[in-house]
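Input: a single structure, listed below in structure tokens.
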Amino acid sequence: MSENENYDANVSLPENQIVPAYTKQQFQVVEQVEEKTAGFWMRFWAFVVDISVVAAIVGIIVNPLFHLFGWNLSEIHWYSPMSIVSGLFYYAYFVLTTKYWQQTVGKMIFGLKVKGKTGEKLDWLTVLFREVVGRFMSNKIPIIYLMVAFMPKNLGLNDFIADTMVIQEKVFIKRKKEVEIENPENDDFDPQNSISPSI
């Protein structure tokens, strides 16, 4: 056996190693076009119109029925028949119009529409949380409505609860957004410094 062929049987060859590939993180500023959200005053005046519509419906349908059956219209307690029936009409109006048209009469007049945050169609559970739970809480503490004026994207409490937002139809704005480039080209790649697995 030649001198060059001598080797130590106890010395093992280096194991294959996986070397992580490093990429440079790069960001790019892009302009995105998105629908404009409805501000406080537009939503306020739409709500005023909706309250007027509900009052008209109650006056046209409920009041004559109460007169017909001789029920008391003057009671103002929350548990009085008039309060309960008016409340049912109030919530039913907002639930049904939002579910089927994504907008009430007031929102139609001002060109507003309720949408899911990701643009999906509103389902019954979303509408019930928004128009019953969220609206009930806001009606009990009216100052909550002011959230719309200060929160990002003019979100109100009912929007947070139901994961929705109110947008202006056919009105768009441009926003600058920084996005990450996932696999940027690495111009500094040096094949001399690269490490390849041992065989």
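A short reminder: the numbers here are calculations on the coordinates, not readings from a lab. What you see is a predicted model; the values in this text were computed from it and never measured. Quick reminder, even Gly has a Cβ in these numbers, built from the backbone with ideal geometry, and neighbours come from all protein chains shown.
At-a-glance table
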read-out	value
Spin-label model distance (nm) - E35 vs M108, 7 Å beyond Cα toward Cβ	1.7 nm
Ellipsoid semi-axes in whole angstrom, largest first, where each is sqrt(5λ) of the Cα gyration tensor of the stretch 65-170	29, 16, 12
Fully extended contour minus Cα-Cα distance, from D163 to L128, at 0.36 nm per residue	11.4 nm
Spin-label model distance (nm) - M151 vs S80, 7 Å beyond Cα toward Cβ	3.3 nm
Calculated from backbone phi, Karplus (6.51, -1.76, 1.60) coupling profile of the stretch 161-166 in Hz, x at Gly/Pro	5, 9, 6, 10, 8, 10
Two-site FRET efficiency, F89 against W45, from Cβ-Cβ distance with R₀ of 25 Å, rounded to 0.05	0.75
Too-long pairs where the Cα-Cα distance tops 18 Å, listed order kept, from K107/K140; K113/K140; K36/K170; K113/K176; K117/K140; K36/K174	K107/K140; K113/K140; K113/K176; K117/K140
Residue exposure sequence - I141, I109 - by fewest surrounding Cβ within 10 Å	I141, I109
